[in-house]
Amino acid sequence: MSLFTFLAADYPLPVLDLTGLVTMKVKDIKKMDPLPSGPVPWDELDDELDVRYTANKSAMDYLQIAVCKYPPDGLDAYIRKPYIYWVGGSFNPTCREQLFTYLKDQLPHASPVELWSILFGQGIQVIESVEVELMNITAADLEWIEQGPCRCMVLI
């Protein structure tokens, strides 16, 4: 089973990555002082290998919104909108606040946007749905999406 979170809209949305992740070559990481720790010793890896790195490990839990180029099988049973985005992050209070800020600052207030939490791997699930006015949403409202495995919050 896998739980994924998505944003869906009838129009393109801005992408966002607050993790601070950068792609670097192993040879460039080896030049860093101090040398960061990795999952394996850096000398065991090819110098030309690309790796993703961030100086702030806690930032890995921060909000990411990316185009969903390779959706999971079965997503079309739930989402019908043409523009679909992965929503990444830990949904801790910091991430929820980042998502709240994104929704308030980046979305037009004219068209609905859907925020989805979908559990894959157990067949088609029943979706709980709620409508929330985007102009009145709070960061606390976003907790609802993570309190159940299959939910859709329609932001109107």
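With label points built 7 Å along Cα→Cβ from the Cα atoms of Lys69 and Leu119, find their separation and express it in nm.
Modelled inter-label distance: 3.1 nm.
Find how much the distance from Thr101 to Asp10 grows on full extension, using 0.36 nm per residue of separation minus their present alpha carbon separation; answer in nm with one decimal. Can you show the working numbers first?
Numbers: separation 91, 0.36 × 91 = 32.76 nm, distance 2.04 nm.
This chain segment gains 30.7 nm when fully extended.
From the P(r) of region 8-125, could you give the percentage of C-alpha pairs in the tail past 21 Å?
Details: 3701 of 6903 pairs.
Tail of the P(r) past 21 Å holds 54 percent of the pairs.
Mean-square fluctuation check for the chain, GNM, Cα pairs under 10 Å: which of Val26, Val130, Val113 is largest?
Of Val26, Val130, Val113, the Gaussian network model singles out Val26 as fluctuating most.
Quick one: if the Förster radius is 41 Å, what FRET efficiency do Met24 and Ala139 give, using the C-beta to C-beta distance and rounding to 0.05?
Details: r = 33 Å, r/R0 = 0.81.
After rounding, the FRET efficiency stands at 0.80.
Only loop residues by DSSP count here, and only those with at most 15 other Cβ atoms within 10 Å; note down the trypsin sites (Lys or Arg not before Pro) in region 1-50 that meet that. Mind dumping the intermediate values first?
Details: sites: Lys25, Lys27, Lys30, Lys31; in loops: Lys30, Lys31.
When the trypsin sites (Lys or Arg not before Pro) of region 1-50 are filtered for loop state and at most 15 Cβ neighbours within 10 Å, Lys30, Lys31 remain.
Go ahead and collect, in residue order, the members of region 52-82 whose backbone nitrogen is under 20 Å from a label point 7 Å along the Cα-Cβ direction of Ser37.
Output list for this probe position: 52-61.
Let me check against my output: what whole-number percent is the relative contact order of region 1-103, with C-alpha pairs under 8 Å and at least 6 apart? Kindly include the intermediate steps, with their values, before the conclusion.
Details: 133 pairs, mean separation 40.5, N = 103.
Relative contact order of region 1-103: 39 percent.
What's the longest piece of the chain with no exposed GluC sites (Glu not before Pro), counting a site as exposed if DSSP puts it in a loop and it has at most 13 other beta carbons within 10 Å?
Longest stretch, sites excluded: 49-132.
Can you give me the accessible area per residue for region 1-103, using a 1.4 Å probe, in Å²?
Numbers: 6160 Å² over 103 residues.
The answer is 60 Å² per residue.
Determine which lysines satisfy two conditions relative to Lys69: a Cα distance under 27 Å, and not lying fewer than 8 residues away in the same chain.
In chain and number order, the partners are Lys25, Lys57, Lys81, Lys104.
If you fit an axis through the alpha-carbon atoms of helix 93-106 and take the longest principal axis of the Cα set of the chain, what angle between them do you get, 0 to 90°, nearest 10?
Roughly 60 degrees between the two axes.
Tell me what the chain gives for mean residue ellipticity at 222 nm when only DSSP H runs of n ≥ 4 count, each as -39,500 (n - 2.57), the sum divided by the residue total, rounded to 500 deg cm²/dmol. Present the calculation step by step, with values, prior to reporting the outcome.
On the way: 3 runs with 22 residues, N = 156.
Result for the chain: -3500 deg cm²/dmol, rounded to the nearest 500.
Glu128 to Arg80: FRET efficiency via 1/(1 + (r/R0)^6), r the Cβ-Cβ distance, R0 22 Å, to the nearest 0.05? Could you put the intermediate results ahead of the total?
Values: r = 17 Å, r/R0 = 0.79.
According to the calculation, E is roughly 0.80.
Over region 1-108, what percent of the accessible surface lies on carbon and sulfur atoms, probe 1.4 Å?
Details: 3490 of 6480 Å².
About 54 percent, which is the carbon plus sulfur part of the accessible surface.
The values are calculated or read from the model by the stated rules, or taken from the named source; none is laboratory data. Note that this is a predicted model, so its numbers are computed, not measured. Ideal geometry is used to build each Cβ from the backbone, glycine not excepted, and the neighbour counts take in all protein chains shown. The accessibility values were calculated without ligands, DNA or RNA, using every heavy atom of the protein model including side chains. Shrake-Rupley method; radii C 1.70, N 1.55, O 1.52, S 1.80 Å.
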